[in-house]
Amino acid sequence: MSSATADKTAPASHRFAGIRNALHIITQSYSMMFAAALLVTVLLLIILVPLLPGYDPYTQNLAVSLAAPFENIDGRTYIFGTDTLGRDLLSRVALAGRVSLLIGLCAVVISLALGVFLGLVAGFFRGVVESIVMGLADLQLSIPRVLLLIAVAAIVGPSVVNLTVLLGLTSWVVYGRVARAMALSLREREFVLSAVTQGASAAWNIRKHLLPNVLPQMLIVGSFELGQIIVFEASLSYLGLGIQPPLPSWGMMISEGQQYLEIDPWIALLPGIAIFMLVTGVQFLSQAFTSEGQFDLASPPKGT
Amino acid sequence: MLRFLARRLTQSVLTVFGVLTAAFFLVRLAGDPSVLLLPVEATDKDIALLRSELGLDQSLPIQYAKFLVNVLQGDLGLSLRQRVPALDLVLERLPATLELALTAFVLGLVLAFAVGLVMRLTPSPRLRAAIMWLAFIRQAIPVFFFGLLMILLFSVTLGWLPSLGRGTIYHLILPALTLATYELALYLRLFNSALGEQQGQDYVRTAYAKGQTRTKIILRHMLPNALLPLVTIAGINLGMLLGSAVVTETVFSWPGVGRLIVQSVSQRDYPVVIAGVLMMSLVFVLINLAVDLLYAVLDPRVRLS
């Protein structure tokens, strides 16, 4: 935990050592390379497909409904097939991926900012502030996260913005706990103590001394959380409480496809495989960064 | 032990109180229930009448106090749709949820235990790597998609097991396995690293030096020490399990609290949603309490800290 002392005067080659180490770890292991391949494939699909001609996630055409993958109808090949309304599944999976990834990234940024802020403030000031923040964290962990999301989503109503904010606000606890733990040890270090004795304000100390030291760790936690949040979003959408039509989402597509499992299982399978690829890729790679020994995800702090 | 018990109980009561408070404000956030309850053509007088009937014309602190008193008396309001107490609806569904969650919990632990030991005892590193790989892949599949894969394989393709509903033991197999395999994957990784940590300990080396067999050392000496982290994580993870159960119930049309909550959300039946979430949280708090007490029994150091 104490290994991450940000040294601003370090040469650039030093600063990117983490990334180079991670790349080294990835190329050393077959499973890492496999995960990286999964992630690159799904990212290419998400990014490139909407740029291709024939990209059309919305137009319904009952004449081509439930086409199988690679079925050619009227001179057009549907690589992923079509759904019940004859919409092109390749386009829909790609667009849903964009939405999912965007929501996931925004939610991670929100929760990271909130968690780091609350954690650092709690760890730096201690006392009442710390009790309140940690009490809030315990309280939130006492309700299973899916249930909390369902309850709040039910009440504020589902929309992309609500969903993003909600996922962000309910995911701060991990960052808060780790940031607080790090702040507790950092505040006793000489460089912080000397700044305090020279009259530096708490805000300055938190911003200049604590934040740069916890940020690398937080980004690692964030990369792991991204996978989790994508799964949460997909689960909510599967339950009909997340992304709303006409916008496609992987979760909703799986829920629709479940009704046609016997006729055309691909409607549900393809978006499911896409989630799997994205989540596996993201989580495996976040492990490549963690195996540097900076933050051990195998033993998360209690309650995460 | 008594002091530990008292402290832990206070904590649980505080948590339940916090959840109740959060629930109260959530319901207030939802807007005026009188608007939801009455038809569009209701006059202002009708609305005022209903508001005073529901106590909505009183100040917020008084409403809050009344809410707490009501909850303590087991009154969580009426279902907006079915006009019966929301709590009754939830309690009716609770056995199904507990049946599913507990089966999955026990199944997950037993499987993790068995597979984890096989993994430690087997001389083949290939088998070990393959198991860890499967565990990792299972963890990356969302529970609802894994459930769907189970349905596709065992119900649609093979036709061995029913894909939805509750009734016979066969109905329980697929949803319980869906949940249990997730637990299994998580426990396996932890169990493995916990056993691995014991590997280099002095007492293990001593046992080897005394000429004990590897199997005996693992079973008699390392296993008890590796159990503690497993119990902790299993307890912490129960929240995740209950949450996953909510989703799994929908996948398999399992008539539990989770499915009730999801259905009530789509019907905008907030009292039932809140009652369901409160009940699940209460179950979660109670289980966590039990796990902590178990942990204190297993490890005396916990009591003193």
Helices (runs of 4 or more DSSP H) wholly inside region B:106-222 that include at least 2 residues being within 14 Å of chain A (Cβ to nearest Cβ) and crowded, with 18+ Cβ neighbours inside 10 Å
B:125-140, B:143-150, B:169-199
In region A:229-251, what residues are in a helix (DSSP H, G or I) and free of Cβ contacts under 8 Å to residues at least 40 places away in the same chain?
A:Ser237, A:Tyr238, A:Gly251
Would you pick out the residues in region A:36-65 that are touching a Ser or Thr at 6+ places or on another chain (Cβ under 6 Å) and part of a loop (DSSP other than H, G, I, E, B)?
A:Tyr55, A:Asp56, A:Pro57, A:Ser65
When region A:88-114 is examined, which residues are found to be more than 22 Å from A:Gln228 (Cβ to Cβ) and free of Cβ contacts under 8 Å to residues at least 40 places away in the same chain?
A:Asp88
Can you give me the number of residues within region A:169-207 that are over 24 Å from the mean Cα position of the chain (by Cα) and assigned to a loop (DSSP other than H, G, I, E, B)?
7
Selection status of B:Ala234, within 29 Å of B:Ala101 (Cβ to Cβ), in a helix (DSSP H, G or I), hydrophobic (A, V, I, L, M, F, W, C) and away from chain A (no Cβ under 12 Å)
yes
Within region B:273-301, track down each residue that is more than 10 Å from every other protein chain (Cβ to nearest Cβ), in contact (Cβ under 8 Å) with a residue 12 or more places away in the chain and β-branched (Val, Ile, Thr).
B:Ile287, B:Val291
Considering each of A:Phe117, A:Phe80 in turn, give the residue that is touching a residue at least 12 places away in the same chain (Cβ under 8 Å), aromatic (Phe, Trp, Tyr) and either in a helix (DSSP H, G or I) or touching a Pro at 6+ places or on another chain (Cβ under 8 Å) (or both).
A:Phe80
Residues (over 22 Å from the mean Cα position of the chain (by Cα) and either away from chain B (no Cβ under 11 Å) or buried (at least 24 other Cβ atoms within 10 Å of the Cβ) (or both)) located in region A:249-258:
A:Glu256
Across (1) in a helix (DSSP H, G or I); (2) modelled with pLDDT under 85; (3) exposed (fewer than 14 other Cβ atoms within 10 Å of the Cβ), A:Asn213 clears everything bar (3)
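This table checks each residue for (1) under 30 Å from A:Ala202 (Cβ atoms); (2) modelled with pLDDT of 85 or more; (3) polar (S, T, N, Q).
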site: A:Val146; (1), (2), (3): no, no, no
site: A:Val152; (1), (2), (3): no, no, no
site: A:Val161; (1), (2), (3): no, yes, no
site: A:Thr170; (1), (2), (3): yes, yes, yes
site: A:Leu184; (1), (2), (3): yes, no, no
How many of the residues in region B:189-206 are of a type in the set (Ser, Thr, Tyr) and over 26 Å from B:Ala234 (Cα atoms)?
2
Condition check: farther than 22 Å from B:Tyr170 by Cβ, in a helix (DSSP H, G or I) and of a type outside the set (D, E, K, R). Does B:Ala275 satisfy that?
yes
I'm trying to understand the selection: among the residues of region B:79-92, which are surrounded by fewer than 18 Cβ atoms within 10 Å (Cβ to Cβ) and either among the polar types (S, T, N, Q) or farther than 14 Å from B:Met280 by Cβ (or both)?
B:Leu80, B:Arg81, B:Gln82, B:Arg83, B:Val84, B:Asp88, B:Glu92
With respect to A:Leu118, determine if the residue is aliphatic (A, V, I, L, M), within 14 Å of chain B (Cβ to nearest Cβ) and buried (at least 22 other Cβ atoms within 10 Å of the Cβ).
no
For helices (runs of 4 or more DSSP H) lying entirely in region B:1-104, having 2 or more residues that are at pLDDT 80 or above picks out B:2-29, B:60-72
If I filter region A:142-168 down to residues being assigned to a loop (DSSP other than H, G, I, E, B) and within 12 Å of chain B (Cβ to nearest Cβ), which single residue comes out as farthest from A:Tyr238 (Cα to Cα)?
A:Ser142
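The values are calculated or read from the model by the stated rules, or taken from the named source; none is laboratory data. In this text the structure is predicted, and so the values were computed from the model without any measurement. All Cβ positions, glycine included, derive from the backbone under ideal geometry; neighbour counts span all protein chains shown.
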